[in-house]
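What follows is calculated from the coordinates using simple rules that are stated; it is not laboratory data. What you see is a predicted model; the values in this text were computed from it and never measured. So basically every Cβ, Gly included, is an ideal-geometry build from the backbone, and we count neighbours across all protein chains shown.
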Amino acid sequence: MQDRSSHCRLLAVALGALALPGWTVQQAAAQAGVKVAAHSTGVSIRGEDFYIDGKPTYAGRVWQGHRVEGLLLNARMVNGIFDATR
């Protein structure tokens, strides 16, 4: 099992890989000397598109006439508990 500092180093490597065009997390980890499991998911950026395991995200998809292939979509949600005392 890896300790907390190893996890922090691996996270820093992963984020660094996203900043290097065309690099995968595995390539950045190898450059930094960090061990990554063989079954890790590969994430890379080519131009302005995101790829996961060598395939563009949302391959061939369009939403309301806009190309979404290669994008990373997100959702912002708020969970709340309200006390209805009145």
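The table below gives the values:
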| read-out | value |
| --- | --- |
| Spin-label model distance (nm) - D49 vs A30, 7 Å beyond Cα toward Cβ | 2.3 |
| Residues with amide H under 5 Å from that of V43, placed H, sequence gap 5 or more | V25, Q26, D53 |
